Every structure is written in C-alpha cells, then in structure tokens.
Amino acid sequence: NYWNAASFVTSSSYLHFSTFQGETSADISFYFKTSASDGVFLENLGNTDFIKLELKSATEVSFSFDVGNGPVEIVVRSPNQLNDDQWHRVNAERNVKQASLQVDQLPLEVRKAPTEGHTRLELYSQLYVGAAGGQRGFLGCIRSLRMNGVTLDLEERAKVTPGVKPGCSGHCTSYGMYCANGGKCVEKYNGYSCDCSKTAYDGPFCIKDVGAFFEEGMWLRYNFHAPGTSMKDLVSRTLLSSADPEITAPDLSLNKEELSFSFSTTKSPCVLLYISSYTQDFMAVLVKPSGNLQIRYSLGGTKEPYNIDVDHRNMANGQPHTVNITRNGRDIVLQLDHYPPTSYSLPTASDIQFNSPKALFLGKVIEIGKIDQDIYKYNTPGFTGCLSRVQFNQIAPLKAALRPTNASSHVHIQGELVESNCGASPLTIPPMSAATDPWHLDSASADFPYNGQAIGDGVNRNSAIIGGVIAVVIFTILCTLVFLIRYMFRHKGTYHTNEAKGAESAESADAAIMNNDPNFTETIDESKKEWLI
C-alpha cells in the first residue's frame, strides 16, 4: 500500500472511484511528486456540498469543502517549492468540530467549525483523483492515497484508464541516498531497490557487513583471471577498474586502486591481504611482530618495496579496525579507523602502474614464484581472526566466497570458511596489560599507589581478621540500638480496651455490664450481705 501509486501524464487524466463516505468525518492522506505548478489532487461533489484538495501554486496546498454553511478553505504555504519533483506528504482532516491541513512537517493549519449550522457532508458524485469538472488536473505522481483508513488501489485502476500509468518513476531521485556503501539504486515501478553486487556489503540498503572468521592455516585466493577465460576476455572486464567506469585497464595495468576492509586479530605477525601479479609487482597489508600495521608496495623501478609503517598503535589487540587505502598514480592516501587520512607518495623512481594483477590472497599467501622475504616470514602460521567487507576496486572476494554469484568461480578456499559478523563488533577499550596494571598482584613491577610495596600473605590474613572483628562489632551496636528504640517507644501510640459501653453513666460496674449485655444471666442474691469487721 505504501508504494501503490499512479502517474498522471496529461492534465485531463483522472481516476474515478465510488463516492467518498465522509458525512461527519474525513481523514485523507497521500504523497505527491510533481514538476507542475498547480493541479487538482482529488474532488468529490454533491448538490451544493463538496470536498477538494489541490495544489494551488508551486508553494501552496489547499483543502476546501462545503457542508451547507458556505465554502471553507484552508491553505498551507511552504517556504520551499513543492514542485521540485520530490515526494511531499499531505494530510487533511475534517470533523464536526474542526478541520485541519498539514503538508510535510510544516505547521498544522486548523479551522474551527461554526457552533451552529450544518455538519454533515452530503456527496453524490464519484470521487475523482486528478482532473475533474473541466479544471486543470494534476500532472505527476500520487501514491499511498488513504481515505478514512482505506487505501485506494490506484495502480489497478490506472491499468484500465487512458492517460494514467500504474506506478511511479524517479524513486531513486528521492530515496537513492539510502543505498549506502556504493550500492546502486535501481528503479522499480512500485518502488526501488539497492544493487549491492559491486560492494562488499549485503542487505536491502547495502549496510550489512559480509565477513568471516579465519582459523590458523586458512586462506582464500581470488583469481582475477577466471578459469576458462582468455587474457583478452579479461581486458574487457571492469572488475579491476576503479569505481569510475571510464577508467579501464586495456593493458591489464592499474594506475589506481581502492582497497578497504576491516579486521580483528590478537596474533602477530601475519599477512592480512596480498595482491600478486604475473610480473614482480605486488601489494601487501601486513601486521608486524610488534602489532603495528604495514602497507607494502612494489611496482618496479626500485630495488626495495615502498613501505608505509603505522607505528602509533597496536593493531593486534583483538579490536575491529578499518583500513582504507586509495592510490592514484604516485599519491597514496591511508585512513585507519577514525583517524584523519594520511597522505604518502611513491618514490620518484618507482613505477606507477600495477602491471598484470593476478590474484588476491586473504589470510596467507600461496603463490608460485619468488615472494618477498618478510612476507614469507609473516606467512607462517597464517592469519587468525576476522576479516570483513573486503573490497578491491569493484571486487569483493569474501562476498564472492560466501554468496553464490557469477564471481564465485574466481574463488578458491583452503579450510572451512565460516561467515561471521565479527567485523561489526563495536570498538571497546582493551584491558590493561598485567605489566602496567597496578592492581595485578602477579606483576613484579606493579606499583601500588600508597607505599610502592606489594602486600604479603601474612598482612592480607591479618587484615581479613581485623575486618571481620570490626564487622561483628558494628552489627552488635546496630542490634542494641534497635532494641533500645523499641523499648523507649513501646507505651506510645493508641491502645484498645474492652470496657463496656455506657460505663460513664452507669451507677456501678455491674450495672454497666448488665446494660451492655442483655443476655447477661448472672443474678445478685439480695440475701447475701458482706460485713466489714
């Protein structure tokens, strides 16, 4: 119902429905999108009564009606243009007490009903959506039209009505920004969808991480040259090109790359990512034995690879970290987590072309031919931890491995790859190491704030005994105070007696009892007398 829509392509186009039953109350809401400056949204007529909603100008929406007391019009004026080909919401209400109109989030316009007069809206004609009575009709799109809680099926009626088309176009103009992380908005006649195929993300809006947990010894290889394709066929592909479709690699050489991924690990050293080539060119992202990150480029022209060392923090702390690397020619931009981007530049002697890329490795490098010595050392035993949202230009190797796509034939996996959302874990503060934690008793170098000495076992035992004695004394004092308080106040407050009613006016206590209890059977023997000697 939310996307049930119709497009009015001529000013004389309209849809008709049965008479609107809104005698004492009317609740009308819908969305519209147009580039026209005016037009009637809907209208329903009676003998003299009517109800109408229209776009009066590029900045005005009008709600007018007549229940027999004369026409009433409510106008909402917008500070911005309403014919901007964007979706706008209209909500109009009327009852026996008042009428109101609201457009988008603009202030609600309210008009009180007269205290006397007619209150029933009597309509007889059909309900017209669009042009009616020779007036200029609405040009554009209307969707989700609800009248007194009932959604009108605009699409079904538009299928059999000339000049009106079911659905709307241009949804991506209004909602395309919700396709995140490079997702492409795809128009549909009744809405839109996000194409995430060229991203490392999944989900309706391309915001769900696709990640996996790597056990020790596991690795993944993504072959840029798929089995069964020739090198000439690979040239025509744009997988290795950047996000800009105009930039291709006709000679299978790249002069720009965009690499992004997230990882978490507690072990170092290791190889996070490695891109090999049919030449000696390569690119690698490593975690050094110290836990620091290193990016290594070797594009030819220099004897040693160009290294970028990120020494300001330990990356092997078990927390998720995000890496974004962009190279355009000689310029390299690195962004780590939420730190500001840092710029680097390849040496002037270095080539700027990444020649003949061959494969991308995750977790470990299993490649034929000569491998850099440091990478060879870091390659054992391999990466252990989480990798997620890995994307190299338009290639998402992890997603290709975990989601059956056309690119799945490029992927080879050693070990069991288990999907995990570990890359989406929030960043937390790592625990303090034992060497620097002053309250860690096993640390020989731990310093205590008050005397710099570690407390021995004997002192700990004596402290426990003293603490126990103090606790018993405090408990005894509290119990004594409670007892004294109860003793002091035990006679205070109200009390109840069983004294007979009428005792104040009776001549004696016996008389009071006899007057109060008519069933009292005790008699007094008058013959008995008592003598005081």
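Within the stretch 282-295, how many residues turn out to be open to solvent by 10 Å² or more (accessible area, probe 1.4 Å) and assigned to a loop (DSSP other than H, G, I, E, B)?
Qualifying residue count, the stretch 282-295: 4.
If I go through the stretch 128-149 residue by residue, how many of them are basic (K, R) and open to solvent by 40 Å² or more (accessible area, probe 1.4 Å)?
So the count comes out to 2.
Collect the residues in the stretch 16-49 that are over 13 Å from M147 (Cβ atoms), open to solvent by less than 20 Å² (accessible area, probe 1.4 Å) and outside any loop (DSSP other than H, G, I, E, B), keeping them in residue-number order.
F32, K33, G39, V40
Could you name every one of the strands (runs of 3 or more DSSP E) located completely within the stretch 150-211 that has at least 1 residues being open to solvent by 80 Å² or more (accessible area, probe 1.4 Å)?
Answer list for the stretch 150-211: 164-166, 184-188.
Just wondering, is there one or more residues in the stretch 352-374 that are more than 35 Å from the chain's Cα centre (by Cα), small (G, A, S), open to solvent by less than 40 Å² (accessible area, probe 1.4 Å) and over 21 Å from P397 (Cβ atoms)?
No, there is no match, as no residue in the stretch 352-374 is more than 35 Å from the chain's Cα centre (by Cα), small (G, A, S), open to solvent by less than 40 Å² (accessible area, probe 1.4 Å) and over 21 Å from P397 (Cβ atoms).
Inspect all residues belonging to the stretch 102-113 and state whether any of them is in a strand (DSSP E or B), within 18 Å of Y14 (Cβ to Cβ) and not acidic (D, E).
Checking the stretch 102-113: not a single residue is in a strand (DSSP E or B), within 18 Å of Y14 (Cβ to Cβ) and not acidic (D, E).
Take the residues of the stretch 251-267 that are part of a loop (DSSP other than H, G, I, E, B) and surrounded by fewer than 19 Cβ atoms within 10 Å (Cβ to Cβ): which is modelled with the lowest pLDDT?
Filtering the stretch 251-267 for residues that are part of a loop (DSSP other than H, G, I, E, B) and surrounded by fewer than 19 Cβ atoms within 10 Å (Cβ to Cβ), the one modelled with the lowest pLDDT comes out as D251.
So the check is Cβ under 7 Å with 6+ separation or different chains; which pairs have a first residue in the stretch 190-207 that's closer than 11 Å to H171 by Cβ and a second one that's hydroxyl-bearing (S, T, Y) and open to solvent by 30 Å² or more (accessible area, probe 1.4 Å)?
Between residues of the stretch 190-207 that are closer than 11 Å to H171 by Cβ and residues that are hydroxyl-bearing (S, T, Y) and open to solvent by 30 Å² or more (accessible area, probe 1.4 Å), the close pairs are Y192/Y175.
For S125, all conditions in the list (1) under 44 Å from the mean Cα position of the chain (by Cα); (2) open to solvent by less than 40 Å² (accessible area, probe 1.4 Å) hold save one; what is the number of the exception?
(1)
Sort through E60, E73, E93, E122 and tell me the only one that's among the charged types (D, E, K, R), in contact (Cβ under 8 Å) with a residue 60 or more places away in the chain and in contact with a strand residue (DSSP E or B) (Cβ under 9 Å, 6 or more places away or on another chain).
After ruling out the rest, the residue left standing is E93.
Residues in the stretch 309-328: is at least one over 33 Å from the mean Cα position of the chain (by Cα), open to solvent by less than 10 Å² (accessible area, probe 1.4 Å) and over 17 Å from Q391 (Cβ atoms)?
no
The values are calculated or read from the model by the stated rules, or taken from the named source; none is laboratory data. Every value quoted in this text rests on a predicted model; they were computed, and no experiment measured them. Positions of Cβ are backbone-derived with ideal geometry, glycine not excepted, and every protein chain shown enters the neighbour counts. Accessible surface areas use protein heavy atoms only, side chains included; no ligands, DNA or RNA. Shrake-Rupley method; radii C 1.70, N 1.55, O 1.52, S 1.80 Å.
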